[in-house]
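Enquirer: The structure that follows is given in the form of structure tokens.
The values are calculated or read from the model by the stated rules, or taken from the named source; none is laboratory data. Since this is a predicted model, take the numbers as computed values, not measurements. Here the Cβ is made from the backbone with ideal geometry for all residues, glycine too, and neighbour counts use every protein chain on show.
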Amino acid sequence: MNIIGIDHLVYGANDLNAAVQFMQDFGLTEVPHQAFGRYFETLDATGILVAEAEHLALPAKLASISQLRKMVYGVADQATLDDIQAELSQDREVKILANGALETVDDVGITIGFQITKRRELNLPVEKINAPGAPHQRGYNQLGVDHSIQIQPRTLGHTAVFVPDAAKAENFYVNRLGFRVSDRLGGGPFLRAGGSTDHHTLFLIQAPEHIKGVEHISFHLSGPSELMLAGQRFEKAGHESFWGPGRHGLGSNWFWYFDGPLGCRFEYDADMDQLDASWIPRELPLHEDNAQAYLLEFRKQNWAPFNGPAKKAG
């Protein structure tokens with residue numbers, strides 16, 4: 001099925017003001033005049049809809065600590081939407097909403113939706129490098145570091161989801177919706193939607209029922225330098241770094257994770273592997289060296305001890 005990936009996620013917020021400030025600082029842009037709640041988008045229009053936790057228009061809360069209410073996938077066309085409706089209606093209720101989108105529940109009890117994607121096509125410059133032995137990608141007098149640039153996430157890349165039965169969830173997304181397994185880490189599958197070449201659009205993590213829901217949401221940037229700059233700015237704005245900056249092994253994407261007020265983490269990421277149907281999945285044990293190819297750690301600069309007034313000998 002030609003499912004492209006997550007178009008948007010719907011959340012309830014115990015502190016809406018804190019959630020709004022977090023997403024604004026993260027670089028998402030608010031789109032006004034929603035039917036309810038507040039919507040924050042990336043450059044291609046994927047994003048997060050958030051409302052007060054008790055708002056009556058929100059789907060029911062999960063029976064867990066998660067504040068996730070719904071995961072909405074974008075599909076390529078009406079034919080795909082029709083195929084999904086026919087497939088899932090065999091064993092569950094599939095609602096057709098007023099805007100033509102579908103809504104149902106997956107096999108582990110998470111509310112999911114499907115709509116013809118609202119993603120905007122992007123045509124943006126990419127991060128360029130210069131290396132000996134290869135033509136220069138950045139021309140003369142074009143600097144690689146520019147602290148003045150505005151940074152906005154380009155698209156919502158993937159979600160990592162805690163599920164009480166990863167095998168059951170994998171069976172649903174692979175056999176019912178056409179996702180493909182890219183790799184496995186500790187048994188947890190990295191899945192890519194049929195209409196995406198990203199290494200993964202969904203990562204399933206076996207976890208207790210009481211924490212079922214999204215563990216983190218990833219947002220693609222133009223490259224590692226932009227990721228480093230975005231992460232530094234976000235941390236200086238007062239947001240707590242959880243993991244990173246670094247680079248993953250499976251997927252190869254650069255990462256920097258931050259804790260947030262929606263009960264999940266937000267990830268800046270960049271430069272993910274692109275796969276096609278010939279890819280053969282790998283399986284690695286759950287170990288920190290398999291989760292991170294390398295991890296960078298910041299420390300206070302102390303490389304110029306000669307700065308300042310000279311000390312007298314003796």
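Enquirer: With the range 1-84 as the region, which strands (runs of 3 or more DSSP E) entirely inside it contain at least 1 residues that are closer than 20 Å to Ala160 by Cα and of a type in the set (Ser, Thr, Tyr)?
Expert: The strands (runs of 3 or more DSSP E) meeting that bar are 3-13, 68-75.
Enquirer: Any residue in the range 292-299 that is among the polar types (S, T, N, Q), more than 24 Å from Phe179 (Cβ to Cβ) and out of contact with any strand residue (DSSP E or B) (no Cβ under 6 Å at 6 or more places or on another chain)?
Expert: no
Enquirer: A further question follows. Can you name every residue in the range 236-254 that is surrounded by 15 or more Cβ atoms within 10 Å (Cβ to Cβ) and under 22 Å from Ala19 (Cβ atoms)?
Expert: His239, Ser241, Trp243, Gly244
Enquirer: Please go through the range 93-120 and give me each residue that is surrounded by 14 or more Cβ atoms within 10 Å (Cβ to Cβ), acidic (Asp, Glu) and over 25 Å from Asp44 (Cβ atoms), ordered by number.
Expert: Asp107
Enquirer: Tell me which residues, restricted to the range 1-50, are without any contact (Cβ under 8 Å) to a residue 60 or more places away in the chain and touching a Phe, Trp or Tyr at 6+ places or on another chain (Cβ under 6 Å).
Expert: Met23, Glu30, Val31, Leu49 - these are the residues of the range 1-50 that are without any contact (Cβ under 8 Å) to a residue 60 or more places away in the chain and touching a Phe, Trp or Tyr at 6+ places or on another chain (Cβ under 6 Å).
Enquirer: A further question on this structure: Would you check if there is a residue in the range 207-222 being farther than 27 Å from Val181 by Cβ, hydroxyl-bearing (Ser, Thr, Tyr) and under 15 Å from the mean Cα position of the chain (by Cα)?
Expert: yes
Enquirer: Hey, can you tell me all the residues within the range 121-149 that are exposed (fewer than 14 other Cβ atoms within 10 Å of the Cβ), touching a residue at least 40 places away in the same chain (Cβ under 8 Å) and under 25 Å from Gly231 (Cα atoms)?
Expert: Correct list: Leu122, Leu124, Pro125, Val126, Gly144, Val145, His147, Ile149.
Enquirer: Quick check: is even one residue across the range 206-223 at pLDDT 95 or above, among the basic types (Lys, Arg) and either out of contact with any Leu (no Cβ under 8 Å at 6 or more places or on another chain) or surrounded by fewer than 18 Cβ atoms within 10 Å (Cβ to Cβ) (or both)?
Expert: Within the range 206-223 (the criterion being at pLDDT 95 or above, among the basic types (Lys, Arg) and either out of contact with any Leu (no Cβ under 8 Å at 6 or more places or on another chain) or surrounded by fewer than 18 Cβ atoms within 10 Å (Cβ to Cβ) (or both)), the answer is no, since none of the residues qualifies.
Enquirer: Being outside any helix (DSSP H, G or I), in contact with a Pro (Cβ under 7 Å, 6 or more places away or on another chain) and either more than 22 Å from Ala193 (Cβ to Cβ) or modelled with pLDDT under 95 (or both), is that true of even one residue in the range 241-260?
Expert: Yes, the range 241-260 contains at least one residue that is outside any helix (DSSP H, G or I), in contact with a Pro (Cβ under 7 Å, 6 or more places away or on another chain) and either more than 22 Å from Ala193 (Cβ to Cβ) or modelled with pLDDT under 95 (or both).
Enquirer: Condition first: of a type in the set (D, E, K, R), modelled with pLDDT of 95 or more and touching a helix residue (DSSP H, G or I) at 6+ places or on another chain (Cβ under 8 Å). Can you find one or more residues in the range 263-271 that meet it?
Expert: Looking for residues that are of a type in the set (D, E, K, R), modelled with pLDDT of 95 or more and touching a helix residue (DSSP H, G or I) at 6+ places or on another chain (Cβ under 8 Å), one finds at least one in the range 263-271, hence yes.
Enquirer: Here's another thing I want to ask about it. Might you check whether a residue that is in contact with a helix residue (DSSP H, G or I) (Cβ under 9 Å, 6 or more places away or on another chain), modelled with pLDDT of 95 or more and not acidic (Asp, Glu) occurs anywhere in the range 57-66?
Expert: No, the conditions are met nowhere in the range 57-66.
Enquirer: Let me ask something else. Any idea which of (1) surrounded by 13 or more Cβ atoms within 10 Å (Cβ to Cβ); (2) touching a helix residue (DSSP H, G or I) at 6+ places or on another chain (Cβ under 9 Å) is the one Thr159 doesn't satisfy?
Expert: (2)
Enquirer: Go through (1) at pLDDT 95 or above; (2) touching a helix residue (DSSP H, G or I) at 6+ places or on another chain (Cβ under 7 Å) one by one and return the number of the condition Met1 breaks.
Expert: If we test Met1 against (1) at pLDDT 95 or above; (2) touching a helix residue (DSSP H, G or I) at 6+ places or on another chain (Cβ under 7 Å), just (1) comes out false.
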